[in-house]
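Structure, as structure tokens:
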Amino acid sequence: MEKKYRVGIIGATGKGNYGHGLDTAWLDVPQTEIVAVVDENEAGRTAAAERLKCSNTFSDYRMMMDSVRPDIVAICPRWIDQHADMLMAAVERGIHCYIEKPFCRTLAEADQIIRAAEMSHVKISIAHPTRFSPVTNRLKALIQEGAIGQVLELRGRGKEDVRGGGEDLWVLGSHVMDMMLALGFEPEWCFADVQNAGHRVAASDVYNGNEGIGLLAGDAIRAVYGLRQGMTASFQSYRNAGGRPSRFGLQIFGSKGVAEILEGTLAEVWILQDPSWNPGRGGGEWKRVSSAGIGEPEPLTDQKYQSRNVLAIEDLIDSIENQHEPKCGMYEGRRIVEMIAAIFEAHRQGRPVPLPLEIRENPLSLMVNAG
């Protein structure tokens, strides 16, 4: 008989709420049952209890952990200033975690969480849906098989809405960084320029960002990563420069064509097998890629492939039972935080910085302290 995993849901109404469906996803996983709901906001707690069909509610997550002793907690709030404290409370009690992205605010927080999780043998999985997508796996295989030839460069962009620049980098750029890593690309250095209102960001441009991000800056991000494989990857975001359809995603340019991947559980992937990269000139045609291959209909139609979180939850349970690292676990979460931090550190130093970074705090705090 399968073990039934007891799950505590942690939300924060008005402070990141319940993320992108991290609370309700467990209702679609038969191997789990929701045994407690936490929200310091009474109205939010009542609504969540009704939504999640769970009458056992708490206003304090530590009290819930000590009283209920769940197997897993879902740390749902989008605001990341709460993530480290919630994660530390769980891992110190030996409780596995599924958490909304981004992982945490700084490398120092990530290091602390990882040390504690290693000591308590706890698994942590981060909600980057594209990492768990069967279509992502198919694209990775196609690239390795040479479907677009020799990879020459990668280009990533955020949503470039009102959050464009630094906030877009953290909130949506974290997905783009995850896509790069999921496809097997390994950043070794970063060079970047962060702009605000047309000038290089200085200490006077630094402010406390939305969603608990902490110190933040920039309405334009221009960053390049040197990859171990020998090519470069870029990430750019300009405030209010987005369009419809959005350019948010990652493009991989090769000697024989281009592939594009967008964020999602059944990630939207397209491929252009045309060395000119221009179908108007080269005569190529953009084709949709499914988990079955180029131009093939998508065979995966189960409801779980429409959920942002069920595949990640199944992977977390498998990692607990079979003692492996989740596909997007704490080490990958730290690498994503590092790729983001590297942009601000490269800007601060005015030169390329090697990865992994030596500094563990927010580079913008060093800029502010230096005046």
Kirkwood Rh over alpha-carbon pairs of the stretch 192-239 plugged into Stokes-Einstein at 20 °C, 1.002 mPa s gives a D in µm²/s of 178
Taking 0.36 nm per residue of separation between S255 and S59 and subtracting their Cα-Cα distance, the length gained on full extension comes to 65.0 nm
In the neighbourhood of G11 defined by beta carbon distances under 11 Å, the net charge of the other residues (Lys, Arg +1; Asp, Glu -1) is 0
Ranking V68, F103, T32 by how far each Cα lies towards the positive end of the charge dipole of the stretch 5-122 (+1 on Lys and Arg Cβ, -1 on Asp and Glu Cβ), the top one is T32
The relative contact order of the stretch 5-122, taking Cα pairs under 8 Å that sit 6 or more residues apart, comes to a percentage of 27
Note on the stretch 239-347: contact order normalised by length, alpha-carbon pairs under 8 Å, 6 or more apart, percent, works out to 13
Projected area averaged over all directions for the convex hull of the alpha carbon atoms of the chain, nm², comes out at 19.4
Expressed as a percent, the portion of alpha-carbon pairs in the stretch 182-282 spaced more than 24 Å apart is 41
Cα convex hull volume per residue for the stretch 235-371, in Å³, equals 201
Largest fluctuation, D274, D219, D168 only, Gaussian network model of the chain with Cα springs under 10 angstrom, belongs to D274
For the stretch 139-242, the Cα convex hull volume per residue in Å³ comes to 109
So, for the Cα atoms of the stretch 5-122, Rg and Dmax in Å stand at 13.2, 37
Candidate cut points under trypsin sites (Lys or Arg not before Pro) in the stretch 67-161, DSSP loop plus at most 16 other Cβ atoms within 10 Å of their own Cβ, are R93
Rounded to the nearest 500, the 222 nm mean residue ellipticity computed for the chain from DSSP H runs (n ≥ 4, each -39500 (n - 2.57)) alone is -9000 deg cm²/dmol
Counting only backbone N atoms under 16 Å from a point 7 Å out along Cα-to-Cβ of Q323, the residues of the stretch 110-152 in range are 118-123
Looking only at lysines whose Cα falls under 18 Å of K140's and that sit 8 or more positions away or on another chain, we get K256, K287, K327
The chain: relative contact order from alpha carbon pairs under 8 Å, six or more residues apart, as a whole percent, is 19
The convex hull of the Cα atoms of the stretch 59-155, divided by residue count, gives a volume in Å³ per residue of 141
Once phi for every residue in the stretch 322-339 is put through the Karplus expression 6.51 cos²θ - 1.76 cosθ + 1.60 (θ = phi - 60°), the whole-Hz ³J(HN,Hα) values, with Gly and Pro written as x, are 10, 6, 10, 6, x, 4, 10, x, 5, 5, 5, x, 5, 5, 5, 4, 5, 5
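Where a number appears in this text, it was derived from the coordinates with a stated rule and is not lab data. Here the structure is a predicted model, which means the values were calculated and not measured. All Cβ positions, glycine included, derive from the backbone under ideal geometry; neighbour counts span all protein chains shown.
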